[in-house]
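All remarks here apply to the structure that follows.
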Amino acid sequence: MTGRPQLTILTASWNRAGLLWRLHGSLMRQPVTQGQVEWLVVDDGSADETQAELARMAAQPGPIALRTLCQPHGGKHRALNTGFAEARGDWIAVIDSDDWCREEALPEVLTLLDDIDQQDIFAAILPLIVPKAAHQFRFGTPDRALTYAERANLEPAFDSTLIFRRDTKGLRFPEFPEEDFLAEAALLFQLGCTGRVWLSNHVLVEAEYQPDGLSAHILRKRMASPVGACHGYQVTLDCPLRPALKLRALANYGRFWWHARLQGKHPPAPTSVGQVLALLPGLLFCLTDMAQSARRR
């Protein structure tokens with residue numbers, strides 16, 4: 001081992017005081033060596049009892065030390081950027097505040113990280129378990145390295161545990177003024193158009209989606225942060241994708257380009273003929289979003 005932790009568990013949290021204890025308990029029960037793993041929680045400007053709860057957790061002894069940072073609310077991607085910069089581990093596993101670690105799963109993942117440490121990869125991707133879901137996803141062909149674009153082309157899309165190599169060049173989400181959401185895919189495609197990831201069917205995390213969480217309101221969040229959404233789809237379109245994925249990304253680029261313009265914002269301009277052509281159907285998708293949103297109110 002080096003003098004620093006092998007792994008940082010990074011949690012970006014906003015108003016999740018009532019859920020952090022579950023994640024804390026699952027980490028404290030992991031059979032790992034003191035100093036091998038740290039837990040870094042970035043409080044994204046919570047208005048609940050998060051700070052008091054974190055102070056109580058930090059005071060409790062356990063195999064994994066807790067560090068906390070607090071910043072004004074700016075969205076998960078900004079909190080992750082802070083965590084990327086402050087993490088001490090060689091690897092950084094992003095685990096949300098409403099998730100928890102499976103019993104005794106961490107040692108196997110640490111062994112995996114040791115095994116792949118010399119691979120030319122910027123991240124390892126692991127499936128997660130959603131106990132209440134009828135179907136659990138796995139990689140069809142695990143234990144291999146490929147670009148993230150190839151992962152998108154060859155494997156089904158599903159929510160995953162991301163474990164980034166800390167010293168990866170460019171490990172930072174772009175930030176757009178007055179927008180508080182940017183999908184993780186924007187960073188994954190930016191790094192993984194040519195950069196490689198490792199696919200593994202080890203499971204570290206179990207998840208419980210919250211009614212007020214990002215997954216439940218993903219369209220609304222993208223509509224409120226359309227410049228970032230456009231950027232994410234443009235980054236995706238820079239990668240070699242199979243036609244179905246490229247068409248979907250084009251349609252969404254046009255869709256959120258119009259959301260941005262109708263909000264008086266300045267989305268990234270089209271950089272290809274396909275993106276220009278996507279603006280016409282994109283207007284229809286945008287107006288449909290707005291009509292559905294109005295009905296829900």
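Go through Pro240, Pro268 for me and flag whichever is touching a residue at least 60 places away in the same chain (Cβ under 8 Å), farther than 30 Å from Asp99 by Cβ and not in a helix (DSSP H, G or I). Lay out the reasoning, then the answer.
Numbers: Pro268 fails: touching a residue at least 60 places away in the same chain (Cβ under 8 Å).
It is Pro240.
Within region 53-73, work out how many residues are touching a residue at least 60 places away in the same chain (Cβ under 8 Å) and either buried (at least 18 other Cβ atoms within 10 Å of the Cβ) or basic (Lys, Arg) (or both).
0
Within region 24-42, is there a residue that is surrounded by 16 or more Cβ atoms within 10 Å (Cβ to Cβ) and more than 25 Å from Glu104 (Cα to Cα)?
Scanning region 24-42 turns up no residue that is surrounded by 16 or more Cβ atoms within 10 Å (Cβ to Cβ) and more than 25 Å from Glu104 (Cα to Cα).
Looking at (1) touching a Leu at 6+ places or on another chain (Cβ under 9 Å); (2) under 27 Å from Ala12 (Cα atoms), which is the one condition that is false for Leu237?
It is condition (2) that Leu237 fails.
Run down Ala149, Ala183 and say which single residue is crowded, with 16+ Cβ neighbours inside 10 Å and touching a Leu at 6+ places or on another chain (Cβ under 7 Å). Break it down stepwise before answering.
Values: Ala183 fails: touching a Leu at 6+ places or on another chain (Cβ under 7 Å).
Ala149 is the lone residue from the list that is crowded, with 16+ Cβ neighbours inside 10 Å and touching a Leu at 6+ places or on another chain (Cβ under 7 Å).
Do you know which residues across region 126-184 are of a type outside the set (Lys, Arg) and assigned to a strand (DSSP E or B)?
Passing the criteria: Leu126, Pro127, Ile129, Ala145, Leu146, Thr147, Ser160, Thr161, Leu162, Ile163, Phe164.
Looking at region 1-83, what strands (runs of 3 or more DSSP E) fall wholly within it and have at least 1 residues that are within 23 Å of Phe173 (Cα to Cα) and touching an Asp or Glu at 6+ places or on another chain (Cβ under 6 Å)? Outline the logic, then answer.
Working: elements: 7-13, 37-44, 65-71.
Here the list reads 7-13, 65-71.
Among (1) over 24 Å from Thr168 (Cβ atoms); (2) crowded, with 23+ Cβ neighbours inside 10 Å, where does Val205 come up short?
Unmet for Val205, out of (1) over 24 Å from Thr168 (Cβ atoms); (2) crowded, with 23+ Cβ neighbours inside 10 Å: (1).
Computed from the coordinates by the stated procedures, all read-outs in this text should not be read as laboratory data. The shown structure was predicted, so the numbers you read here are calculated from the model rather than taken from an experiment. Cβ atoms come from the backbone with ideal geometry, glycine included; neighbour counts cover every protein chain shown.
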